[in-house]
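Take a look at the structure below.
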């Protein structure tokens, strides 16, 4: 009898073991899925955090670059303005000097201008080029 | 810069002979830059169109002058 029970137990146990195994497998699969999902979530969260840090850095760097560009633009504009003013003053002075010289020496100024034009025209004439 | 009056008179006479019947001095004094630009433009056009002939004539004249001077010096 004991042998028969044992057999039954073995059979029953074998049937129970199979269902237990299935249950275990199902649980293990569920745990694995859950672990994987958690791991994915953690990775995604990490990545987002990294992205947010990176974007914050990029924002900071871009704002710094923008400020530097603004400052450089301002300096360049100021320098250009100074240079333009100086060039304008020099040109005004030159024009004033030329006016004074021409009014003082009209004949000479006209002759010098004509001679300069003549030399330039002679140097740039067509038959010379060909 | 003060110009030599004699030289200035010669220059004025040259320009006056090139612009007969025109008060060019008043014109140049009224419009100095424009006058200079016009003179340069006219010189440019003449130099481009007749530059070689004019320089040839001037060279011949200069040669004749030098020749006359040398002859006069030798005759003395």
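The values are calculated or read from the model by the stated rules, or taken from the named source; none is laboratory data. Bear in mind the structure is a predicted one, so any value in this text is a computation, not a measurement. A quick note on method: Cβ atoms are made from the backbone with ideal geometry, for glycine too, and the neighbour counts reach across all protein chains shown.
Points to keep in mind about this one:
- Residue identified as outside any helix (DSSP H, G or I), in contact with a helix residue (DSSP H, G or I) (Cβ under 9 Å, 6 or more places away or on another chain) and surrounded by fewer than 16 Cβ atoms within 10 Å (Cβ to Cβ) among B:55, B:22: B:22
- The combined condition, being at pLDDT 90 or above and over 30 Å from residue B:14 (Cα atoms), is not fulfilled by residue A:11.
- Residues within the range B:41-52 that are buried (at least 20 other Cβ atoms within 10 Å of the Cβ) and closer than 18 Å to residue A:107 by Cα, tallied: 2
- Criterion applied to A:78, A:25 was being free of Cβ contacts under 8 Å to residues at least 24 places away in the same chain, over 37 Å from the mean Cα position of the chain (by Cα) and more than 14 Å from every other protein chain (Cβ to nearest Cβ), and the one residue passing it is A:25.
- Set side by side, the residues A:100, A:110 differ, and just one is modelled with pLDDT under 95, in contact with a helix residue (DSSP H, G or I) (Cβ under 7 Å, 6 or more places away or on another chain) and in a helix (DSSP H, G or I), which is A:110.
- Selection of first residues in the range B:25-52 that are more than 13 Å from residue A:101 (Cα to Cα) and of second residues that are not in a helix (DSSP H, G or I), restricted to Cβ pairs under 6 Å at least 6 apart or on distinct chains, gives the following pairs, ordered by first then second residue: B:48/A:125; B:51/A:125.
- Matching entry among B:36, B:70 (being part of a helix (DSSP H, G or I) and either in contact with a strand residue (DSSP E or B) (Cβ under 6 Å, 6 or more places away or on another chain) or facing chain A (nearest Cβ under 8 Å) (or both)): B:36
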